[in-house]
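Colleague: Questions regarding the structure given below will be posed in turn.
The values are calculated or read from the model by the stated rules, or taken from the named source; none is laboratory data. Note that the structure is a prediction, hence the values are computed from the model and not measured. Neighbour counts are summed over all protein chains in view; Cβ atoms, including those assigned to glycine, are modelled from backbone coordinates with ideal geometry.
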Amino acid sequence: MKNYFNLQIGEEEKDKVLANIQSSISFSGANVWILACAIMIASVGLNVNSTAVVIGAMLISPLMAPIVGAGFALAMFDFTLLRKSLKNLLISTLVGLIVSFIYFLLTPFKDAQSEILARTAPNIFDVLIAFFGGLVGVIAVTRVEKGNPIPGVAIATALMPPLCTAGYGLATGNLAYFGGALFLYTINCVFICIATYLIVKLLKYPAAGFVDEKREKTVRNWITIITVLMIVPSVFFAYQFIQQQRFQEKVKLYVQQEFESKGSTIVYQKTNYNSPTSLRTIELAFLNKKFTAKQIADENKKLVGLGLPNTQLIIRQDSAFLAEASTKNIANNEVDNARRALISDLNAKLERYTFQTENLYKEASSIFPELTSISIGKQEIFSNTDSTKVIPIGLYQSEKPITREKQETLRQWLKAKLKVDTIEIFRR
């Protein structure tokens, strides 16, 4: 049982591991070109919102090597290796920022896609991914058989996309995106390094030279301080993320219960959790439902009771709204969604109000010779509720009035022919 958790089993010779680490951290010649190409691929992937392209860039990126080197250096008190690792990490970071900055400065497509937005708000979950990804990475590096973990670690720890997103923030002048992405990049670097430090200590790699107790304590203290500085804001961002997810869930439930379940067709929906005024908003536009000012005020009063305080409901009712939205390309193509919803709703209405009545008069006149014409449709019945009722209606013309018995026979025949539960017939 003891051997199941023994990291010494399958471990590579320590000298060979260190030689590989030292040779891989240098950023010159081919490594710089590989990094620049990987940055360009990642930038294009973020720009066109292609997850597959971004993953490809992660796999060919050599960014992780100097971070792992720094972790080894700290654990072994090899300050020469630490300086070399940090120097090459700084060079690679600057190369990444410059290449991505130039790309996003020149590209005509400046919209922030979901792949970019996902890298602008780091939280505690990113800390966990970086730490455990780093653990897997350094364990794989110290094995004789490297196996499959290395590509997976490159994808999971995701050093490349946040660095490119920071370049996007610089190119577009969005300092919030730049700061958020750079913080995520820093989290990944720091916690991969800390994970490496712990595994190297666990595997008992020898110190590079004599280390006094005071210096060892200083290193541990700095690691603790940096860890706390990374974790505290990450926990805060995680709390904000969870609160935002709960808000979105409550909004979804409110919209479904108050509008969609009552047959109202929503053609536009947008929520704003962090507006500049700190007031959260829910914007809705309906296909054919109109609201009075009092109804909107009543709906806003409901929000507090549904766990949505400090939230305002805005109903878009102006006919020019969708036209205006199309010119401004409002978040994630809501206009296209509105058009698709409109077409779908019109098709549903067409199906709802019509029958397939081919050869209906020919069949009806053979049974009821008195008929000169017959038409079938569906009539919408309005009431004082939000919903409506639709019933089939039959209108016929005849040379002379038809007896009640024949009218009933005609009604029963139409029910069977049209496959409906009820139908009302009238003479025109």
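Colleague: Every residue in the range 166-197 that is closer than 20 Å to residue 47 by Cα and aromatic (Phe, Trp, Tyr), please.
Modeller: Residues of the range 166-197 that are closer than 20 Å to residue 47 by Cα, as a first pass: 166-182, 184-185.
Across the range 166-197, the qualifying residues are 168, 177, 178, 185.
Colleague: Still on this structure, please answer the following. Only one of (1) outside the structural domain of residue 131 (by TED's automatic domain parsing); (2) touching a residue at least 40 places away in the same chain (Cβ under 8 Å) is not met by residue 187, so which one is it?
Modeller: (1)
Colleague: I'd like to check something: does the range 255-264 contain any residue that is in a strand (DSSP E or B), without any contact (Cβ under 8 Å) to a residue 60 or more places away in the chain and either under 30 Å from residue 78 (Cα atoms) or not β-branched (Val, Ile, Thr) (or both)?
Modeller: So in the range 255-264, the residues in a strand (DSSP E or B) come out as none.
For the range 255-264, residues in a strand (DSSP E or B), without any contact (Cβ under 8 Å) to a residue 60 or more places away in the chain and either under 30 Å from residue 78 (Cα atoms) or not β-branched (Val, Ile, Thr) (or both): absent.
Colleague: Taking the range 190-239 as the search range and keeping residues that are out of contact with any Phe, Trp or Tyr (no Cβ under 9 Å at 6 or more places or on another chain) and among the charged types (D, E, K, R), which one is modelled with the lowest pLDDT?
Modeller: Ranking the qualifying residues of the range 190-239, first place goes to 212.
Colleague: Ok, one more. Are any of the residues in the range 116-130 farther than 25 Å from residue 170 by Cα and over 31 Å from the mean Cα position of the chain (by Cα)?
Modeller: no
Colleague: Just wondering, is there one or more residues in the range 119-129 that are surrounded by fewer than 16 Cβ atoms within 10 Å (Cβ to Cβ) and free of Cβ contacts under 8 Å to residues at least 12 places away in the same chain?
Modeller: So far as the range 119-129 goes, yes, one or more of its residues are surrounded by fewer than 16 Cβ atoms within 10 Å (Cβ to Cβ) and free of Cβ contacts under 8 Å to residues at least 12 places away in the same chain.
Colleague: How about the range 208-241: which of its residues are under 30 Å from the mean Cα position of the chain (by Cα) and either in the same structural domain as residue 81 (by TED's automatic domain parsing) or not β-branched (Val, Ile, Thr) (or both)?
Modeller: Those that are under 30 Å from the mean Cα position of the chain (by Cα) and either in the same structural domain as residue 81 (by TED's automatic domain parsing) or not β-branched (Val, Ile, Thr) (or both): 229, 230, 233, 234, 236, 237, 238, 239, 240, 241.
Colleague: Scan 60, 39, 25, 67 and give me the residue that is assigned by TED's automatic domain parsing to the domain that holds residue 167, surrounded by fewer than 23 Cβ atoms within 10 Å (Cβ to Cβ) and of a type in the set (A, V, I, L, M, F, W, C). Spell out the reasoning first.
Modeller: Details: 39 fails: surrounded by fewer than 23 Cβ atoms within 10 Å (Cβ to Cβ); 25 fails: surrounded by fewer than 23 Cβ atoms within 10 Å (Cβ to Cβ); 67 fails: surrounded by fewer than 23 Cβ atoms within 10 Å (Cβ to Cβ).
From the options 60, 39, 25, 67, the qualifying one is 60.
Colleague: If you don't mind, another one. Of all the residues that make up the range 407-428, how many are surrounded by 14 or more Cβ atoms within 10 Å (Cβ to Cβ) and part of a strand (DSSP E or B)? Can you show your working first?
Modeller: Step one: of the range 407-428, the residues surrounded by 14 or more Cβ atoms within 10 Å (Cβ to Cβ) are 407, 409-411, 413-415, 417-418, 420, 423, 425.
Next cut, part of a strand (DSSP E or B) only: 425.
Here the count works out to 1.
Colleague: So, restricting to helices (runs of 4 or more DSSP H) that lie completely within the range 1-115, which ones have at least 1 residues that are of a type in the set (A, V, I, L, M, F, W, C), within 21 Å of residue 161 (Cβ to Cβ) and touching a residue at least 60 places away in the same chain (Cβ under 8 Å)? Step through it out loud before you land on a result.
Modeller: Values: elements: 14-24, 30-47, 51-60, 64-76, 79-106.
By residue number, 30-47, 51-60, 64-76, 79-106.
Colleague: Among the residues of the range 27-47, which ones are among the aromatic types (Phe, Trp, Tyr) and under 13 Å from residue 65 (Cβ atoms)?
Modeller: So the first thing to find is which residues in the range 27-47 are among the aromatic types (Phe, Trp, Tyr), and the list is 27, 33.
Residue satisfying the conditions is 27 alone.
Colleague: Is there a residue being at pLDDT below 80, surrounded by 11 or more Cβ atoms within 10 Å (Cβ to Cβ), under 26 Å from residue 389 (Cα atoms) and not assigned by TED's automatic domain parsing to the domain that holds residue 389 anywhere in the range 290-310?
Modeller: no
Colleague: Could you list all residues from the range 227-280 that are small (Gly, Ala, Ser) and buried (at least 16 other Cβ atoms within 10 Å of the Cβ)? Full working, then the answer.
Modeller: Step one: list which residues in the range 227-280 are small (Gly, Ala, Ser), which gives 234, 238, 261, 263-264, 275, 278.
234, 238, 264, listed by residue number.
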